[in-house]
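Engineer: One structure follows; several queries about it will come next.
What follows is calculated from the coordinates using simple rules that are stated; it is not laboratory data. Because the structure is a prediction, the values reported are computed rather than measured. Please note: Cβ atoms are built from the backbone with ideal geometry, for glycine as well, and neighbour counts cover all protein chains shown.
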């Protein structure tokens with residue numbers, strides 16, 4: 001098992017164990033900044049949206065997918081590495097389609113989405129795979145499709161052996177905003193807007209970068 005596989009296995013197992021605790025914390029401090037809510041308001045009926053690293057379904061899947069499928073609604077798809085997270089997302093956004101998988105190897109056809117959202121998920125991907133992830137986002141987006149992405153402001157790698165006071169280790173790898181910008185450009189994205197958002201977790205004062213981009 002190589003280093004990247006070990007890293008992803010540790011993260012998947014960690015989130016599987018943390019899923020109920022994470023869902024509870026996310027309910028207490030929802031990840032809803034003006035950046036996210038304003039972006040989601042621009043998603044149109046009939047659009048197909050991928051929530052890459054959807055976690056427990058908050059805030060994207062619960063915001064864009066109605067309790068029951070609607071003919072003129074948003075076709076929401078959630079992908080996550082953790083089956084434990086997806087199980088909770090299934091209860092919170094029952095109309096969404098859910099899939100377990102990796103962002104560096106998306107199990108979707110080319111040009112099959114209008115919108116991709118990846119909130120606080122790239123920060124768990126091995127830095128060496130960041131370029132592959134952004135290229136995959138570009139591949140599955142239709143021409144002119146849009147991406148909302150959050151990531152680290154500066155390069156950082158770290159672990160917490162007791163994240164959320166749950167006795168479970170969690171790991172992060174962040175390439176930083178400038179490296180992310182270079183990967184986006186290489187993948188064919190044009191940056192429309194960028195800035196910073198907070199983590200959305202009440203005990204965490206960290207700031208993260210966000211990018212709103214469009215693929216050619």
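Engineer: Starting from the Kirkwood Rh over alpha-carbon pairs, what translational D in µm² s⁻¹ does region 90-216 have by Stokes-Einstein at 37 °C and 0.692 mPa s?
Structural biologist: It diffuses with D of about 212 µm²/s by this estimate.
Engineer: Roughly how many nanometres apart are two label points built 7 Å out from the Cα toward the Cβ at residue 128 and residue 194?
Structural biologist: Going by the 7 Å Cα→Cβ label model, 2.5 nm.
Engineer: Provide, as a two-decimal number, the C-alpha radius of gyration of region 79-151 over 2.2 N^0.38 Å, N being how many residues it has.
Structural biologist: With N residues counted in region 79-151, Rg over 2.2 N^0.38 Å equals 1.10.
Engineer: For 43, 64, 197, 125, which order do you get if you count the other beta carbons within 10 Å of each Cβ and list the fewest first?
Structural biologist: In order of increasing Cβ crowding within 10 Å: 197, 43, 64, 125.
Engineer: Let me ask something else. Per the helix-only calculation at 222 nm, which mean residue ellipticity applies to the chain, given -39500 (n - 2.57) for every DSSP H run of n ≥ 4 and division by its residues, nearest 500 deg cm²/dmol?
Structural biologist: Value at 222 nm, helices only: -10000 deg cm²/dmol.
Engineer: Based on other C-beta atoms within 10 Å, arrange 51, 75 from fewest to most.
Structural biologist: 75, 51
Engineer: Counting other beta carbons within 10 Å of each Cβ, put 54, 153 in order, fewest first.
Structural biologist: 153, 54
Engineer: While we're here: Evaluate the distance, in nm, between pseudo-label points positioned 7 Å from the Cα of residue 6 and of residue 156 along their respective Cα→Cβ axes.
Structural biologist: Using points 7 Å along Cα→Cβ, the separation is 2.4 nm.
Engineer: Another question, if that's okay. Calculate log10 I(q)/I(0) of the chain for q = 0.11 Å⁻¹, where I(q) comes from the Debye formula with a single equal point scatterer on each Cα and nothing for solvent.
Structural biologist: -0.47
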